[in-house]
Amino acid sequence: MEDAVAAALERAVARVGDRWSLLLVHVLLDGPKRFSDLQESCGIAPNILSRRLDHLRSATVVVARPYCERPLRHQYALTDEGRQLASALRLLAAWGDRCAPRSHVHHARCGAAAEVRWYCPTCEQVLSDGP
């Protein structure tokens, strides 16, 4: 069983394992964003952002939809597979918060401390009693 878990983790990390990719997925959980919005939200250099978005697109985590033809510009959104990462990101953030108690995850819009909640992507509901 350990080999199966290790193989599954290796596949997951290959798809979205670096910090920028995870941060982009987190930002896109709020809904589709334009390149400039992603750059501003993440504080990421344009060349790195382009490479990460290309990687996430090839991994079928993100989809790009044109919103302007001349010049060609895209809006980026999570695929269903990308949205399924929400629970994993919440758990990883909670683990990171426990490991560094002085840092807290805060909601970017209002500044309140965030809480980890279980979410069902099929029903689109927050589960109050866990899985």
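The values are calculated or read from the model by the stated rules, or taken from the named source; none is laboratory data. As the structure is a computational prediction, the values presented were derived from the model and not from experiment. Please note: Cβ atoms are built from the backbone with ideal geometry, for glycine as well, and neighbour counts cover all protein chains shown. For the accessible areas, the whole protein counts, side chains as well, though only heavy atoms, and no ligand, DNA or RNA atoms are used. Shrake-Rupley method; radii C 1.70, N 1.55, O 1.52, S 1.80 Å.
Listed values, structure above:
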read-out	value
Residues within segment 96-126 that are open to solvent by 60 Å² or more (accessible area, probe 1.4 Å) and within 16 Å of the chain's Cα centre (by Cα), tallied	9
Inter-residue pairs, beta-carbon under 7 Å, first more than 13 Å from residue 40 (Cβ to Cβ) and in segment 18-30, second hydroxyl-bearing (Ser, Thr, Tyr) and not in a helix (DSSP H, G or I), 6+ apart	28/76
Subset of segment 58-77 [in contact with a strand residue (DSSP E or B) (Cβ under 6 Å, 6 or more places away or on another chain) and closer than 15 Å to residue 29 by Cα]	62, 63, 64, 75, 76, 77
Matching residues, segment 32-44, being in a helix (DSSP H, G or I), without any contact (Cβ under 8 Å) to a residue 40 or more places away in the chain and surrounded by 12 or more Cβ atoms within 10 Å (Cβ to Cβ)	37, 38, 39, 40, 42
Any hit, segment 77-87, residues being over 24 Å from residue 10 (Cα atoms), β-branched (Val, Ile, Thr) and open to solvent by less than 70 Å² (accessible area, probe 1.4 Å)	no
Selection within segment 45-70 - surrounded by fewer than 16 Cβ atoms within 10 Å (Cβ to Cβ) and in a helix (DSSP H, G or I)	46, 47, 48, 50, 51, 54, 57, 58
